[in-house]
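The values are calculated or read from the model by the stated rules, or taken from the named source; none is laboratory data. The shown structure was predicted, so the numbers you read here are calculated from the model rather than taken from an experiment. All Cβ positions, glycine included, derive from the backbone under ideal geometry; neighbour counts span all protein chains shown.
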Amino acid sequence: MPAFLRQTSHPLLLMACAVAGALLGMLSPAWSVAAGAIGRLAVNLLDMAALPLLGVATAFGLRKLMALPQRGRRAGLVLATAALTLWLCGLVGALAGQAAGLGRHLAPHELERLGQLVQQVGGQAEQTGVTLRPARHEDRHAGVQDDPPEDPTAAQRSTVRLPDNVYATLARGELPAVMFCALAFGLAFAMLDRGRTQAFSVQLETIYRALERLIQQANHLLPLLVFGMAAHLAARTDTGTLILLGGLFGALLLASLFVGGLALALVCRQARCSTGQALAALKVPLLISLVSPSPVSAIPLTIDALSAKLGFARGVVELLVPTGAVFLRAGGAIHIAVVVVFVAQLYGRSLGPLELLLLGSMAAAAALTVTGTGPYGTLSAAAVVLAWLRLPPEAVLPVLLVVDRLCDGARNLTSLLCIAAVTAVVSGGLPSESRESPLPTAAGPVRLVIGRPAAAAALACVLLAGALSMLIGVGVGLRQARGGSPAAAQNTELPR
């Protein structure tokens, strides 16, 4: 691989691309449209390779899990650990929003500004399909048009129901449907005799490695993706909106850091390594999940990091990493809980301890209903929770839709760390499959090898330095001999 391709995921390069894209978006919004199209093209390329990889990796992981000892206990441990993780993430998000006083900290002029933003973007947000009830605008002089004719099937489409055509669901790329089909196929594949499926296993292995390689090559487009997304966000995000919603972003970031820190500590404990070693092993997957809007972009590198570098069982890793990327949306649960607390307290409804516990459960359940990798899936789930609490979601969510892309990094990063923590817990007691030891080894002797060109260059430098020193000394001596020194002349005079 060329040397410059290895640097495409370097943090400094990605940061420079983000700054350049933001400057382009602020200075020339027209050019940001083309830059955003380039970023979306990179995301589509990643999704094109990641969707089939989800199915193949899940089938392989399920087959390897069925061959492990105590498979029933491990399957139950997977479900229990994942459910507990989602509930804790929802609870942490609710507590963070309650502690930050979201919704109550806004001054009267900030509330007025928020109302203006709602009026400004409300008409555009109606086209996203997030609102659960059609808004009735009576003030025609406020610049808001009448509602379009009501679609009789809108209520049916807005509700969560089982699909009547599985293949149509797969064609739409809904990740839960893809994973359910992959789990069903993997379970049937694991129950067959290995002798009868040997040839098919070789073919699946070839497809698996080809998709892994395709995603690794597509990840080299991360600088273009970051540049395009930064330009798109900078052109369409108002600074006043960011300042107004700064408390919500701060609560989301603090809750994500807290949960991510706990998950990383659990990974270090199970892998028996230090925090620095775990971060070094997961550096590239964490960076990709931070800058990529797709939660499945870092799957191949995460599988390699958890199995080959940290030593967890590859069968467990290959099953839980793709499955967790779809179902274990820990970052989404935190985001849903924070948004619900913000809207509830904005309308003057304070949540008690029991309601916060219930909100953690509802946020965890709503995170499971996110059906895709689009930008508005999490807020759609938050709208469902607000409807359960009898709060109007259509009033504030249109404003949050504008800045939802800014939360992708925190959501994906938290989800990846929680997936790694669940994998570490389930892999307990299994032999390590690490190809490189994470433990530090004793330092060996340092050997200095100098070739002929290097020795010649060093000798030339020494000779040049000596010649310069000699010339400087000769010059100083000649100057003193010609001009003399008054101080020296005074010292040579004899006292009278």
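Of all residues in region 63-108, those satisfying the criterion of being without any contact (Cβ under 8 Å) to a residue 60 or more places away in the chain and either within 20 Å of ALA313 (Cα to Cα) or hydroxyl-bearing (Ser, Thr, Tyr) (or both) are PRO69, GLN70, ARG71, GLY72, ARG73, ALA75, GLY76, LEU79, ALA80.
When LEU306, LEU252, LEU264 are screened for being in a helix (DSSP H, G or I) and either touching a strand residue (DSSP E or B) at 6+ places or on another chain (Cβ under 6 Å) or surrounded by fewer than 23 Cβ atoms within 10 Å (Cβ to Cβ) (or both), only LEU264 passes. Taking the conditions (1) in a loop (DSSP other than H, G, I, E, B); (2) without any contact (Cβ under 8 Å) to a residue 60 or more places away in the chain in turn, GLY311 satisfies each one other than (2). Test each condition in (1) farther than 22 Å from VAL92 by Cβ; (2) in a helix (DSSP H, G or I); (3) under 12 Å from the mean Cα position of the chain (by Cα); (4) not hydroxyl-bearing (Ser, Thr, Tyr) for VAL296 and report the one that comes out false. It is condition (2) that VAL296 fails.
ALA188 meets all of the listed conditions (1) modelled with pLDDT of 80 or more; (2) within 29 Å of the chain's Cα centre (by Cα); (3) among the small types (Gly, Ala, Ser) but one, namely (2). All but one of (1) out of contact with any helix residue (DSSP H, G or I) (no Cβ under 6 Å at 6 or more places or on another chain); (2) farther than 18 Å from PHE312 by Cβ hold for ALA280; state the number of the condition that does not hold. All conditions pass for ALA280, except number (2). Can you find a residue in region 191-205 that is part of a helix (DSSP H, G or I) and under 28 Å from CYS407 (Cβ atoms)? Among the residues of region 191-205, not one is part of a helix (DSSP H, G or I) and under 28 Å from CYS407 (Cβ atoms), which makes the answer no. Just one of the numbered conditions (1) modelled with pLDDT under 80; (2) surrounded by 14 or more Cβ atoms within 10 Å (Cβ to Cβ); (3) assigned to a helix (DSSP H, G or I) is not true of ALA22: (1).
Consider region 36-55 and keep the residues that are of a type in the set (A, V, I, L, M, F, W, C) and touching a Leu at 6+ places or on another chain (Cβ under 6 Å). The one that is surrounded by the most Cβ atoms within 10 Å (Cβ to Cβ) is ALA42. Across region 299-322, the qualifying residues are those that are aliphatic (A, V, I, L, M) and closer than 18 Å to LEU45 by Cα, and the one among them that is nearest to the chain's Cα centre (by Cα) is ILE299. Within region 21-41, residues that are farther than 14 Å from THR237 by Cα and hydrophobic (A, V, I, L, M, F, W, C) sit with their Cβ atoms under 8 Å from residues that are at pLDDT below 80 and surrounded by 21 or more Cβ atoms within 10 Å (Cβ to Cβ), at 6+ positions apart or across chains, in these pairs: ALA35/HIS232. Any idea which of ALA313, ALA330 is more than 28 Å from ALA99 (Cα to Cα) and among the aliphatic types (A, V, I, L, M)? Only one candidate qualifies: ALA313. Condition first: under 15 Å from the mean Cα position of the chain (by Cα) and aliphatic (A, V, I, L, M). Now tell me which residues in region 255-270 satisfy that. Matches in region 255-270: ALA255, LEU257, VAL259, ALA263, LEU264.
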